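Written below as structure tokens is the structure these notes are about.
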Amino acid sequence: MLHRESGVFKTSYAADMALYPLPIARATIAAIVLLFAVVLPLVFDEYYLAIINLVLIAVVGALGLNILVGYTGQISVGHAAFMSVGAYTAANLAVKLGLPFWITLPAGGLMAALIGAIVGIPSLRIKGLYLAIATLAGQLIIEWIINHTPAISGGAQASIEVPRPELFGHQMRTQGQLYFFLLFFAALATLASLNIVRSRIGRAFVAIRDQDIAAEIIGINIYRYKLLSFAISSFYAGVCGVLYTYYLGIANYEQFQIGVSIDYLAMIIIGGLGSILGSILGAIFVTMLPIVLRLLMEPVLSMFYNSGEMSAVISSFRLVLFGGLIIFFLVIEPEGLNRLWRNIRNYFRVWPFSY
Amino acid sequence: MWDELQFALILTVSGLSIGLMYALIALGFVLVYKATDAINFAQGEFVMLAGFVAAIALAGKLGVLGAVAAAVLVMVLFSFALERVVLRPLLGRPIVAVIMATIGLGAMLRGLPPITVGGETRAVTLPIGDTPIEFGPISLPPVQVLGVVVTLLFLAIFTWFFLKSRMGVAMRAVADNQQVAMAMGINVERYFALAWAMAGTVSALGGVIWGSMLGVDVQLSLVGLKVFPVVILGGLDSIVGAVIGGLIVGVVESLAAGYLDPYVGGGTKDFAPYVLMILMLMFKPYGMFGTHRIERV
């Protein structure tokens, strides 16, 4: 990632597929792990760690969506609904049965994977626009069902309060403790994605994305792999929803409405479709955008608006910037931040002797 | 017994009239898809934008005709600009890119009003009063009657246009096969622009009518969510399909709201059309009147 190669010396397929392309990569990864595990929590206080925690949660969701949209080429406009499925499953298990997080978390993920695969069934017959509309319908229908079934949503406000997760008998109270909890799952999700996309499954996904009929002809069972892609992607989404629920301390369907689905699509487009690093960069970018925007705009806007109007104006401003960025990246740089990063790296690869 | 029949009749008629108003918005979507293969996920936001223009023009004492003209003008110019700046660079790219670009555009359009002209709800008052118009046992608000009239008018115009006029035939040729149309000496780019202009006009009138019914604010864009069931039921590239799909969606949601809402606590209006749409997608994805596309590798 950060290291510079002097050329391509790979002589075997295995070397090309290796997770560590160069011996120095181990050192780079070790440095990154050190940065996240030791330096960041020491440097930042609770407020900034809370923001980083949001980023970590978004990373999990963006990785999942990128497997579906970026690698398999199946669009989903209903990802937030899968998150809500995970969130409410975990919340019900945690509150009604008192189960710990290491059961509720996979349970939420698996439930989301099941629902995701069901919503993905139309993808066997339809694609592109039709699939986008079908997943949009999935979003609205799941949202409506959760909202109208007190057994799932926990009654009038459609929200369930969830206690913070416990580890070895200690409840995580501070953002610092949650940070390590979330960092573990974000790292696990990244590692899993890296391995999925370079495996047989990942290759099949890419073949389906590039031309699904051709993929079927060379012997890929596209039904199985399309549903698998929906299931894996929704599993990530479900886990993301569970993590967010533990982070907020409450499961509420308003946190998982269609706008969130679009936020996640924005993450992977801005970050780069079909790229693990891109998903992470996009998650960081999109999560930080409103926070940075608020920080920059508040001093200026407070001269014109009172605080109530100001938050409405800032959220509208965010929407405009968001839409603009999606269009900008689609038109100008379809490969997103990941491509920009690669361009910078390629420039420095032979720097300062570029000829 | 008689009361129940009358209840069902009222629901059906009101659903039919609302359905035609949905069809008006869906027409904008279908026209663009038919001619240019582009998908507009921001159709609801188009309607909202037109509503804002009309409301502001009315507040600026332009009169009703002036407001409609302003809305049409702005929407046509806006559609042109959209086609040039956003959609043309995306030609030949995966369909997901176009979908996402229009979703992004929708987000932009929803964010714009509160930071430019203010997000409060505005009224579009049309000089048609608000005394319900009676048809035997049924009475409809005048806005809905106007919506029905405008939709039928557009339907007649488009039918004539596509069947009889030279430009309409050319546009059908462009829709059928762009390369062959080009070889036949048809200026394809001009017809793309024309299709967007027509969609802009339809959206403008949709904005005036829906705006006067619901009031103009950012929430008005939610009416765009109804476009999808309508066009899926009817078939994406069929104008007749848009109208029939609109009627079905209107009636289904009206009946659902009348009969199911008391049992499940509301909201079936927004839910029922989507269930119907999912069924359609599973069994007949190209809708009732849509063209089957055969894909070759």
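Place a +1 charge on the Cβ of each Lys and Arg in chain A and a -1 charge on the Cβ of each Asp and Glu, then give the dipole magnitude about the Cα centre in debye, rounded to the nearest 20. Can you show the working numbers first?
Numbers: 20 positive and 16 negative charges, 194 e Å.
Dipole of chain A, to the nearest 20 debye: 940 debye.
Over the alpha-carbon set of segment A:229-355, divide Rg by the Kirkwood Rh and report the Rg/Rh ratio to two decimals. Intermediate results must be reported in sequence, preceding the final value.
On the way: Rg = 17.9 Å, Rh = 16.9 Å.
With Rg and the Kirkwood Rh in hand, the quotient comes to 1.06.
Dividing the Cα radius of gyration by the Kirkwood radius, what Rg/Rh value follows for segment B:119-220? Don't skip to the end; give the middle numbers.
On the way: Rg = 18.6 Å, Rh = 16.3 Å.
The Rg/Rh ratio comes out at 1.14.
Which residue fluctuates the most in chain B, going by a Gaussian network model with Cα springs under 10 Å, if the choices are B:204, B:81, B:42?
B:81
Could you tell me which of the pairs A:10/A:226; B:34/B:284; A:127/B:164; A:226/B:226; B:226/B:284 are separated by over 23 angstrom between their Cα atoms in the structure shown? Kindly include the intermediate steps, with their values, before the conclusion.
On the way: A:10/A:226 32 Å; B:34/B:284 19 Å; A:127/B:164 34 Å; A:226/B:226 28 Å; B:226/B:284 19 Å.
Flagged as over cut-off: A:10/A:226; A:127/B:164; A:226/B:226.
Under a point spin-label approximation (7 Å from Cα along Cα-to-Cβ), what is the residue B:279-residue A:95 distance to one decimal in nm?
For residue B:279 paired with residue A:95, the spin-label model returns 3.4 nm.
How long are the semi-axes of the ellipsoid equivalent to segment B:1-146, from square roots of 5 times the Cα gyration tensor eigenvalues, in whole Å, largest first?
Working: eigenvalues 225, 98, 34 Å².
Sorted largest first and rounded, they come to 34, 22, 13 Å.
What are the ³J(HN,Hα) values, in whole Hz, obtained from phi via the Karplus relation 6.51 cos²θ - 1.76 cosθ + 1.60 with θ = phi - 60°, for each residue of segment B:115-128 in sequence order, with x given for Gly and Pro?
Per residue, the Karplus-derived 3J(HN,Hα) values read 9, 10, 9, x, x, 5, 6, 10, 9, 10, 9, 9, x, 10 Hz.
Find the Cα radius of gyration of the protein assembly as shown, compare it with 2.2 N^0.38 Å by division, and give the number to two decimals.
Working: Rg = 26.1 Å, N = 652, 2.2 N^0.38 = 25.8 Å.
Rounded to two decimals, the normalised Rg is 1.01.
Might you report the magnitude of the Cβ-based charge dipole of chain B about its Cα centre, with Lys and Arg at +1 and Asp and Glu at -1, to the nearest 20 debye?
Numbers: 16 positive and 16 negative charges, 213 e Å.
Here the size comes out at about 1020 debye.
How high is the relative contact order of segment A:129-246, given as a whole-number percent (alpha carbon pairs under 8 Å, six or more residues apart)? Each step should come with its number before you reach the end.
Values: 42 pairs, mean separation 20.6, N = 118.
Relative CO of segment A:129-246 lands at 17 percent.
Roughly how compact is chain B, stated as its Cα Rg over 2.2 N^0.38 Å to two decimals? Provide the component values of the computation, followed by the final result.
Numbers: Rg = 19.3 Å, N = 297, 2.2 N^0.38 = 19.1 Å.
The reported ratio for this selection is 1.01.
So if I average 1/r over every pair of distinct C-alpha atoms in segment A:183-296 and take the inverse, what Kirkwood radius in Å does that give?
Values: mean 1/r = 0.0628 Å⁻¹.
Result for segment A:183-296 stands at 15.9 Å.
Given labels modelled 7 Å from the Cα in the Cβ direction, how far is it in nm from residue A:188 to residue A:25?
Label at residue A:188, label at residue A:25, 2.4 nm between them.
So, R0 is 22 Å and r is the distance between the beta-carbons of residue B:125 and residue B:62; what FRET efficiency does that work out to, to 0.05? Numbers along the way, then the final one.
Numbers: r = 13 Å, r/R0 = 0.58.
Working from the Cβ atoms, E equals 0.95.
What order do you get for A:248, B:153, B:247 when you list them from fewest to most C-beta neighbours inside 10 Å?
Details: A:248 15, B:153 12, B:247 21.
Ranking A:248, B:153, B:247 by Cβ neighbours within 10 Å, fewest first, gives B:153, A:248, B:247.
For chain B, calculate the relative contact order in percent as a whole number, restricting contacts to Cα pairs under 8 Å that are 6 or more residues apart. Mind dumping the intermediate values first?
Details: 449 pairs, mean separation 104.7, N = 297.
Relative contact order, chain B: 35 percent.
What are the principal axis extents of the Cα atoms in segment A:45-349, in Å, biggest first?
Each principal axis gives a Cα extent; for segment A:45-349 these are 58, 50, 36 Å.
Suppose a student asked you for the relative contact order of chain A, using Cα pairs under 8 Å spaced at least 6 residues apart; what percent would you report? Don't skip to the answer; put the middle values down first.
Working: 500 pairs, mean separation 100.4, N = 355.
About 28 percent, as a whole number.
Distance from a point 7 Å along Cα→Cβ of residue A:46 to each backbone N in segment A:168-182: keep the residues under 20 Å and list them by number.
Residues A:170-182 fall inside that zone.
We did not get these values from a lab; they are worked out from the coordinates using the rules stated. What you see is a predicted model; the values in this text were computed from it and never measured. Positions of Cβ are backbone-derived with ideal geometry, glycine not excepted, and every protein chain shown enters the neighbour counts.
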